[in-house]
Structure formats: C-alpha cells, structure tokens
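The structure appears below as structure tokens.
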Amino acid sequence: MQEDNTMVRSLWSAATGMIAQQTNVDTIANNLANVNTTGYKTQVNQFKTLLYQEIQSETTSGNGETKPTGAQVGLGVRNAAITSRFVQGNLLESSSDSDFAIEGEGFFAVRGEDGETYYTRNGSFIWAINSGGGVTLTNSEGMKVLNSRGQVIELGSNYITSRITLSQDGEICYPNANGNPTPIGVSIGAWQFNNPTGLTKEGDSLYAVSDASGPAINEATNNQVKKSRFLQGRLENSNVQVVDEMVNLIVAQRAYELNSKAITASDQMMQQANQLRQ
C-alpha cells in the first residue's frame, strides 16, 4: 500500500510539472506573437514548489546514530506569477509626427471610455478632430492622451497638426512668427510607478494601477524621480529577444517531455507492483 501511495504521489507531482510547463509555453508563445507590438514588455513565468510531505521526522545512519535531517518529499510545482520585464525596447523611427517614444521609466496616460485612467508605453497617437473643430491627441482606440496635469490634450482649430512638434521634455511646441518652435504651455504627461511589475494588464498595451504597483507618480510634480525623455517621430519596439525566447521554448519543451516520461515510468511501476500481488 505504501508503494502505491508513493507512485501516486509521483504521478501527481509530474502532472503538476506538465501543467506548469504548459503555462510556460503559453507565455513564451505570447511573447513571440508580440515581438513587433509597440511598447510590449516580455513576460516571464515564475515557479514555486508545492507542499512537502514528511516521510520521516528523523533518520539514522547504519550504526544507529541520529542524523540532523529528516526525510521530506516534494509534491510538485505551480506557477507563482507571470511578471513583465520593464526594460527599454529599441526606439524605431516612425513616419508619423504624432508618434512619440518615452526613453526612461515613464508611462503615457490615457483616459478610457469608462472614465478611468490607463497607462501605456505605446506612443502611437493621432491628432483627431473633436466636436469643437479643434484637435485632440488620442491613441488608435480613441482614448484621449493626458497632459502633465492629468487633463485631456486639446488644441484649437487654429493649430495645423503637421507643424506641431514635441520637445524632449514633453512640451508641445508650435512655430512662432519667426518660424521657431515655441512651447504653448501644454506638456504630455509621464508617470512612473514604484513597482511597475505590479500593474494590471488590460490588453491593447494598457496597464491599470493596482495595490501592488502603488499609485502613479507624476514626473512633472515629483522631483525625486529621474525624468523621462520624449522623442518625436519614434516608437518603442517590443523588448522581446527572439533568440532567448526560442531557447526558453526548447527548455520548456524538454521539461514537459521529462515530466511526461516520469508519469509513464510511475504507471509502469504500478503495473509491475500489481502483477506481483497476483
């Protein structure tokens, strides 16, 4: 009976390994699928051991002396978390003057249709005509981009969007009478987080604040953080490293196969044990 329990334990342990590696492969596949997604951050699986079962509280040597360690066997593994690596991606040149990239730890802020504020590294924006005849800076989904005061960026009808420029400090500029770019008193907002890996992923390259991430920190009003730099006519590419992901995929596949073989071996051992009883 003890042998059956031992082999059943190994079956379940190997099964948890297969489930964990399947999630790992799913994560790697998602990384590869988003290799060209603007502002995408590589996701990484983190694993954690399950409970340990105590077989013996004390063990002894051949001459009967008590050893300082007992005997415990693990009961498998589980996925503890899937975290994002917020490492700067390559900054690629864009053909649109309304495309912006952030170099640093900041995030753009956009106002969702539900009135909530979301954060993104995807600076692919457009100047959309609003109901007043002016223009509003939005993302491709129509969400309005927020300025450094947390307000929607709207300009009057007298602004020609092709002449609007952005300084590296995030100030929106427009040519004066002499044709020199001049700040108009509006800056694109940049926001940081104490723990960006704690942000909640909302899809469409958007993140939402959570208890784990902490509140958004406005770079414009906080002198304790290093300011980000804005680049016009550029976009931040995904930070996915294809070679690394392919290596991770091979490792995950081999781990999955090994756990599968462990299940097969345990099953064969149970069959042999049952045959001995007959």
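Coordinate-derived values only; no laboratory data. What you are looking at is a predicted structure, and each value in this text was computed from that prediction instead of being measured. Glycine also receives a Cβ, built like all others from the backbone with ideal geometry; neighbour counts cover every protein chain displayed.
If you put +1 on each Lys and Arg Cβ and -1 on each Asp and Glu Cβ, how big is the dipole of the chain around its Cα centre, in Debye rounded to 20?
Around 240 debye, computed over the chain.
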* Structure fact -> With R₀ set to 41 angstrom, the calculated FRET efficiency between the beta-carbons of V225 and R9, to the nearest 0.05, is 0.25
* Options N223, G123, N31, ranked by Cα towards positive dipole end of the chain, top entry (Cβ charges) -> N223
* Expressed as an acute angle from 0 to 90° and rounded to the nearest 10, what is the orientation of the C-alpha long axis of helix 242-277 relative to the principal long axis of the chain? -> 20
* Asked: How far apart, in nm, are the 7 Å Cα→Cβ label points at S131 and N274?
  -> 7.2
* Asked: Most mobile of R163, R234, R121 per a Gaussian network model of the chain (Cα springs, under 10 Å)?
  -> R163
* Asked: Who wins for biggest fluctuation among V135, V73, V242 in a Gaussian network model of the chain, springs between alpha carbons below 10 Å?
  -> V73
* Asked: Just one of (1) 120; (2) 112; (3) 188 is volume of the Cα convex hull per residue in Å³ calculated from these coordinates, so which is it?
  -> (3)
* **Formal net charge of residues neighbouring I82 (Cβ-Cβ distance under 10 Å; K, R +1; D, E -1)** => 0
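Which FRET efficiency, nearest 0.05, do D267 and K201 yield, Cβ-Cβ r, R0 41 Å?
0.60
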* Hey, in the GNM for the chain with a 10 angstrom Cα cutoff, which one of T27, T165, T264 fluctuates hardest? -> T264
* Burial order of peptide ranges 150-161, 94-105 (average beta-carbon count within 10 Å, highest first) -> 94-105, 150-161
* Structure fact -> Given a Förster distance of 25 Å, the FRET efficiency implied by the Cβ-Cβ spacing of D244 and D169, rounded to the nearest 0.05, works out to 0.15
* **Net lengthening on full extension, S210/Q46 (0.36 nm per residue, minus Cα-Cα)** => 57.1 nm
